[in-house]
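As structure tokens, the structure follows; a few thoughts come after it.
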Amino acid sequence: MRYFGYLSRRLVGGLLTVLAVISVCFLVLEALPGDPTDMILGETATDQDRVQLRRMLRLDQPFSTRYAQFLLDIVVPARGMGHSLRQPTRSAWSMIVEAWPDTVALALGAGLVAWTLAIPLALIAATRPRTKTDAVVGVVSMLGVAIPSLWLGPLLILAFCVALPWLPFPGPDARGLPALILPSLTLGVGMAGILTRMGRVALRETLREPFIQAARARGLSEPAVLIKHALRAAMVPLLTAGGAQLSSLLGGAIITEKIFDRPGLGTLLLQSLTTRDLPVVLACVVVIAITAVFVQLLVDVAYVLVDPRIRLA
Amino acid sequence: MSASSQPHKRSRWRLEGRALVGVPMVLLFLFLALVGPWLAPYAPRAIDLAHELEGPSLRHWLGTADNGVDVLSVLLTGARTAGLVGVSTVLISFVLGSALGSISGYAGGRTDLILARVTDAVAAMPSLVINVALLALIARPGFGHMIAALSATGWVTYARVSRAEVLRLREREFVTAARALGASPSRVLLLHVLPNAMGPLIVQATFGLGGAVLAEASLSFLGLGPGAGASWGALLDQGTAYLLRAPRLAMIAGVAIAMTVLGFNLTGDWLRDALDPKESSD
């Protein structure tokens with residue numbers, strides 16, 4: 001029951017955050033100087049087009065009505081988050097649904113890369129403190145953090161699509177799992193670096209705790225001590241870092257999708273930016289905000305499952 | 001728990017590997033940001049269609065890009081763009097964030113609750129997405145717009161760090177003493193609390209500079225950079241478009257961005273350990 005109360009409080013908090021984000025977007029749009037129709041249509045548009053667009057954007061209605069309609073667009077499923085200005089027959093939601101799976105696949109791939117690299121590296125370094133191995137892991141993870149995906153992406157393409165033509169060159173024809181490998185690496189390596197660095201510190205602190213000695217004294221094998229006890233306790237800071245990273249993964253996806261010429265939410269956002277398709281832009285931002293908040297919620301729930309010592313505040 | 005099993009004998013400011021590599025990288029970047037545009041042999045937009053996408057030569061040491069633009073000049077002028085955007089963003093974020101964070105921590109109560117909620121809300125969002133959304137709404141983004149957009153998300157970390165520091169220092173004896181002597185809250189905060197909270201904030205600013213340079217490059221890569229001047233991110237954008245014809249472009253821009261970010265990260269790491277041996281990561 002306490003768990004349920006905690007969850008519902010967190011959920012309400014998350015919804016308030018989403019509401020704040022979309023309200024800020026709406027307000028910024030409102031506060032911009034100049035006529036939005038100029039920006040969308042260009043200065044040479046006819047008066048008739050302008051009037052039509054003003055009606056579509058509901059600029060002929062008072063502020064409060066516009067805000068209410070904007071919120072209803074997002075909340076009411078049938079409204080599909082508003083209609084695209086460029087493809088009036090399509091709702092923004094349908095375009096997002098189409099782009100969604102590609103971005104999810106990329107994010108999952110990146111997460112897989114990050115965790116499968118970070119956990120073994122952190123374990124290796126933490127169990128050999130102040131050795132050469134520890135130092136090498138330190139340098140490698142530092143490089144992982146510092147190398148921008150902006151550069152790593154082109155580097156990987158040159159290495160594995162051009163110099164060693166093992167993987168398909170990015171483009172509209174490159175589909176399927178092989179085409180997902182390099183983008184996942186590009187997006188995941190930075191997160192792997194951060195998780196390795198955090199994991200190394202967290203594991204080393206955990207290994208000094210009395211309950212580790214107690215587990216060893218009970219005659220547990222070293223791998224069991226490491227994985228069942230040390231790693232589990234170290235998961236709390238790791239999950240915090242991972243949760244924060246997942247949110248920036250959504251931002252990084254925009255860059256990665258552009259480097260690899262992949263479809264997805266980031267590409268949709270950029271395309272609707274260049275065509276000034278404001279309803280689609282706002283819908284993308286709202287969906288990304290909701291995802292970020294939801295992920296944060298999942299991380300908070302996961303804490304309690306991983307570490308029974310955490311009290312529900 | 002953080003007590004090290006081995007005594008800490010060496011000097012805090014020992015010049016070790018991280019500092020020896022990181023600090024010169026940072027200094028080189030700051031030097032180029034200051035004088036780069038004057039060292040550039042050509043204007044960063046000088047068009048020379050006869051020599052488009054050529055390899056390195058005596059006339060163009062790093063070759064030419066799209067429209068025959070001299071790559072070395074773009075690199076040198078781009079350092080100014082990155083430096084200007086980076087330093088301004090960090091300055092604004094630092095002042096704004098530490099003001100909000102320390103007020104939040106010192107005042108406590110409802111003020112703290114509201115400010116902390118706002119901070120959490122901004123922190124929960126991917127900052128690049130917010131930056132993109134803000135810049136996208138502007139028809140022709142310039143330097144000021146980009147700095148404003150980056151500061152709109154950048155203040156959050158400084159607010160968190162300064163709030164934590166103020167909470168830590170608030171009940172210390174010297175603060176109580178100052179308050180007992182009748183100092184006003186703003187005087188206590190500015191003269192007694194904040195100077196003692198500077199260490200972690202400066203560390204954060206060092207990482208922040210690397211982050212801001214990367215964010216500028218990312219936004220320019222996405223085509224949202226300031227129209228005037230040259231940018232490493234925009235050069236990288238060209239580089240990915242001409243990856244097969246001129247892989248040089250992506251490599252040059254990428255190395256410049258990566259070295260700068262690495263330099264700030266190494267320096268920040270070293271500073272953190274030097275200023276607070278407790279949290280030493282080795």
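Points to keep in mind about this one:
- Yes/no for B:Arg168 being open to solvent by 10 Å² or more (accessible area, probe 1.4 Å), assigned to a helix (DSSP H, G or I), of a type in the set (D, E, K, R) and touching a Ser or Thr at 6+ places or on another chain (Cβ under 9 Å): no
- Subset of segment A:192-228 [of a type in the set (S, T, N, Q) and either over 17 Å from A:Val306 (Cβ atoms) or open to solvent by 60 Å² or more (accessible area, probe 1.4 Å) (or both)]: A:Thr196, A:Gln213, A:Ser221
- Enumerated helices (runs of 4 or more DSSP H) restricted to segment A:192-306, each holding at least 3 residues that are at the interface with chain B (Cβ under 10 Å from one of its Cβ atoms): A:231-259, A:265-274, A:278-306
- The residue that is farthest from A:Trp115 (Cα to Cα), among those in segment A:129-169 that are at the interface with chain B (Cβ under 9 Å from one of its Cβ atoms) and in a loop (DSSP other than H, G, I, E, B), is A:Phe169.
- Count of residues meeting criterion [part of a helix (DSSP H, G or I), buried (at least 17 other Cβ atoms within 10 Å of the Cβ) and touching a residue at least 60 places away in the same chain (Cβ under 8 Å)] in segment B:189-203: 6
- Picking from residues in segment B:223-235 that are within 11 Å of another protein chain (Cβ to nearest Cβ) and touching a Ser or Thr at 6+ places or on another chain (Cβ under 8 Å), the one that is surrounded by the most Cβ atoms within 10 Å (Cβ to Cβ) is B:Trp232.
- Close Cβ contacts (under 7 Å, 6 or more residues apart or on different chains) running from residues in segment A:37-58 that are of a type in the set (Asp, Glu) to residues that are assigned to a helix (DSSP H, G or I) comprise A:Asp49/A:Leu41.
- For the residues A:Val76, A:Val18, A:Val12, the requirement of being within 14 Å of chain B (Cβ to nearest Cβ) and open to solvent by 50 Å² or more (accessible area, probe 1.4 Å) singles out A:Val12.
- For B:Pro247: the one exception among (1) within 10 Å of chain A (Cβ to nearest Cβ); (2) in contact (Cβ under 8 Å) with a residue 24 or more places away in the chain: (2)
- Helices (runs of 4 or more DSSP H) lying entirely in segment A:1-76 (those with 2 or more residues that are of a type in the set (S, T, N, Q) and at pLDDT 80 or above): A:2-31, A:63-75
- Where helices (runs of 4 or more DSSP H) fall entirely within segment B:34-153, those with at least 1 residues that are away from chain A (no Cβ under 14 Å) and open to solvent by 40 Å² or more (accessible area, probe 1.4 Å) are at B:71-107, B:109-124.
- Enumeration of residues in segment B:171-188 that are outside any loop (DSSP other than H, G, I, E, B), surrounded by fewer than 16 Cβ atoms within 10 Å (Cβ to Cβ) and not small (Gly, Ala, Ser): B:Glu173, B:Phe174, B:Thr176, B:Arg179, B:Pro185, B:Arg187
- Whichever residue in segment A:170-191 is open to solvent by 20 Å² or more (accessible area, probe 1.4 Å) and in a loop (DSSP other than H, G, I, E, B) and, among such residues, is nearest to the other protein chains (Cβ to nearest Cβ): A:Pro170
- Every residue from segment A:265-299 that is of a type in the set (Val, Ile, Thr) and under 23 Å from A:Gly13 (Cβ atoms): A:Val285, A:Val286, A:Val287, A:Ile288, A:Ile290, A:Thr291, A:Val293, A:Val295, A:Val299
- The residues in segment B:236-256 that are more than 18 Å from B:Ala40 (Cα to Cα) and open to solvent by less than 10 Å² (accessible area, probe 1.4 Å) can be counted, and the count is 6.
The values are calculated or read from the model by the stated rules, or taken from the named source; none is laboratory data. The model shown is predicted, which means the values in this text are computed figures rather than measured ones. In this analysis, Cβ positions are derived from the backbone assuming ideal geometry, glycine residues included, and neighbour counts consider all displayed protein chains. Note: accessible area is taken over every heavy atom of the protein model, side chains too, but ligands, DNA and RNA are not part of it. Shrake-Rupley method; radii C 1.70, N 1.55, O 1.52, S 1.80 Å.
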